[in-house]
Amino acid sequence: MTGLLRAERDLAQPSDPLAVPRNLLRDAVFARMLRSILRGDYRRGQRLRLDALADDMQVSRTPVREALVPLEAMRLVIVQRYVGVVIAPWTVGQMVERVRIAQAMLLDPPASCAPTDEPFDALALRDCLSEAGAFVELAVWVLRRSGAPVSADWLRSQQPVLDVFHTDDIARANGIDVAADWSSRMHLVKAARAAALVDDVGQCAARLTELSELLIGLPERFRATETV
């Protein structure tokens, strides 16, 4: 069961809110709102009341308010005083730009301190929902090993949105067929993982750079077939 499915399961059983840890409620609300925003269930520019969101998810306002903090940091929502929550006018191009920034960091890590000797933990990939999520996990390791912890922290903050956006149903809702060329992307994920496991930072970065090119090209190269 993936991390997202676990979160959905916990949110689906809110009969005794005291039995569910607050952080799980927050994470579950975040996961559901993230998918709803990226899938287009909420229109760009749509205004949502905090009370309505809490009622819809059968939770208090507190986990909703807490879930909005990272969503606002990702520029997916705008929280306005006296107005409420406004769905930001995000675009597919902004998702691509996130990958482009990560690619630039891999090509020339903006080192600010000495490289670390932190080994790669393969278990970090187990909860990834897509190749983009695996790309971020591996790229974060490369950046930390390259002495660029600030860049690694920024990329880590983008992991949820990139991971979910590249899942099949969310990508298709945005006109992208992620099933196309999937084997090529997975081959690069496995190659990058293999390099990380033997502590070859250079080879891992090289394979991730190739993977980033495929991720960047997805929206233009592989458009989802429109349903009639």
For K190, all conditions in the list (1) crowded, with 16+ Cβ neighbours inside 10 Å; (2) closer than 30 Å to T116 by Cα hold save one; what is the number of the exception? (1)
Among the listed residues A139, A124, identify the single one that is closer than 21 Å to V198 by Cβ and either in contact (Cβ under 8 Å) with a residue 60 or more places away in the chain or over 18 Å from the mean Cα position of the chain (by Cα) (or both). A139
Scan the helices (runs of 4 or more DSSP H) fully inside region 1-115 and keep the ones with 2 or more residues being farther than 27 Å from W141 by Cβ and at pLDDT below 90. 3-11, 22-39, 50-57
Are any residues in region 174-225 free of Cβ contacts under 8 Å to residues at least 24 places away in the same chain and of a type in the set (D, E), and if so, which ones? D200, E210, E220
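Considering S130, S146, which residue is in the same structural domain as A206 (by TED's automatic domain parsing), of a type in the set (S, T, Y), within 23 Å of I37 (Cβ to Cβ) and crowded, with 16+ Cβ neighbours inside 10 Å?
Numbers: S146 fails: within 23 Å of I37 (Cβ to Cβ).
Result of the check over S130, S146: S130.
The values are calculated or read from the model by the stated rules, or taken from the named source; none is laboratory data. Since the model is a prediction, treat every value here as computed from it, not as a measurement. Positions of Cβ are generated from backbone atoms using ideal geometry, with glycine treated the same way; all protein chains shown enter the neighbour counts.
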